[in-house]
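Here the structure comes first, spelled out in structure tokens, and everything after it is commentary.
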Amino acid sequence: MRETKGQGSSSHAVRMFLSGGRRRSLPGLYRSDMHPAPDFDEQFQRVVNWWELSTDQTARVRPSEQFRDRLTPTVVGLVGTIAFVVVMFAAFVIVRQLY
């Protein structure tokens, strides 16, 4: 399940990972503040139970972590802040040398 947060709201989508590394969202399993799904947790557990019963444990693969998995809002904010400080410092040095 993937949780996405933004602007005071959150949404949940159920995703599956294929053995080749591709990701797919399951279209019927979605919940958000604007589109509440009261039986979301029950339906999600039903899919997980079916998957576990239908596949051998050795056939299940865990997806490798990709770059986009590490791009959390905190990381983006930190990198953006550092970049902003570096640009402002460079601008200050350039303006100071001109005068």
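The values are calculated or read from the model by the stated rules, or taken from the named source; none is laboratory data. The structure displayed is predicted, hence computed values, not measured ones. Virtual Cβ from ideal backbone geometry, glycine too; neighbours counted across all protein chains shown. The accessibility values were calculated without ligands, DNA or RNA, using every heavy atom of the protein model including side chains. Shrake-Rupley method; radii C 1.70, N 1.55, O 1.52, S 1.80 Å.
Mind listing which GluC sites (Glu not before Pro) in the range 8-70 are in a DSSP loop and have 11 or fewer other Cβ atoms within 10 Å? Show your work: numbers first, answer last.
Working: sites: E42, E52, E65; in loops: E65.
Filter output for the range 8-70: E65.
With runs of 4+ DSSP H residues as the only contributors, calculate the mean residue ellipticity of the chain at 222 nm using -39,500 (n - 2.57) per run, divided by the residue total and rounded to the nearest 500.
Details: 2 runs with 41 residues, N = 99.
Rounded to the nearest 500, it is -14500 deg cm²/dmol.
Pick from V86, V47, V76: which residue has the top mean-square fluctuation in a GNM of the chain where Cα pairs under 10 Å get a spring?
V86
Within 10 Å of each candidate Cβ there may be at most 11 other Cβ atoms; applying that plus a DSSP loop requirement, which trypsin sites (Lys or Arg not before Pro) in the range 5-43 survive? Provide the component values of the computation, followed by the final result.
On the way: sites: K5, R15, R22, R23, R24, R31; in loops: R22.
Sites meeting the loop and neighbour criteria: R22.
Measuring with a 1.4 Å probe in the full set of protein chains, what accessible area per residue, in whole Å², belongs to the chain? Write out the running numbers ahead of the final one.
Working: 8670 Å² over 99 residues.
On a per-residue basis, 88 Å².
Among S19, V76, W50, flag the residue with its Cα farthest along the positive direction of the charge dipole of the chain, charges on Cβ as +1 for Lys/Arg and -1 for Asp/Glu.
V76
Rounded to the nearest 20 Debye, what is the dipole magnitude of the range 10-99 about its Cα centre when Lys and Arg each give +1 and Asp and Glu each give -1 at the C-beta? Before the final figure, lay out each step's value.
Values: 11 positive and 8 negative charges, 90 e Å.
For the range 10-99, the charge dipole is close to 440 debye.
Looking at the square roots a ≥ b ≥ c of the eigenvalues of the Cα gyration tensor of the range 10-64, which shape do they give, rounded for a/c under 1.5, prolate if a/b is larger than b/c, or oblate?
Details: a/c = 3.36, a/b = 1.64, b/c = 2.05.
The shape class here is oblate.
Measure off, as a whole percent, the carbon and sulfur share of the 1.4 Å-probe accessible area of the range 26-99, all protein chains present.
Working: 4430 of 6780 Å².
Here carbon and sulfur together make up 65 percent of the probe-accessible area.
If I ignore ligands, DNA and RNA and count only protein heavy atoms, how much of L98 is accessible to a 1.4 Å probe, in Å² to the nearest 10?
Here the residue's solvent-accessible area equals roughly 130 Å².
Find which of V61, A37, M1 sits farthest along the positive direction of the dipole of the chain, computed with +1 on the beta-carbon of Lys and Arg, -1 on that of Asp and Glu, about the Cα centre.
Working it through, the farthest residue towards the positive pole turns out to be V61.
By how many degrees, between 0 and 90 and to the nearest 10, does the Cα long axis of helix 73-98 differ from the longest principal axis of the chain?
10 degrees
In percent, what relative contact order does the chain have, based on Cα pairs under 8 Å that are 6 or more apart in sequence?
On the way: 61 pairs, mean separation 16.0, N = 99.
Relative contact order, the chain: 16 percent.
For the chain, what does the alpha-carbon gyration tensor say about shape, rounded, prolate or oblate, given a ≥ b ≥ c as the root eigenvalues, a/c under 1.5 as rounded, and a/b over b/c as prolate? The partial results should precede the final answer.
Values: a/c = 5.53, a/b = 2.25, b/c = 2.46.
Cα axes put the chain in the oblate bin.
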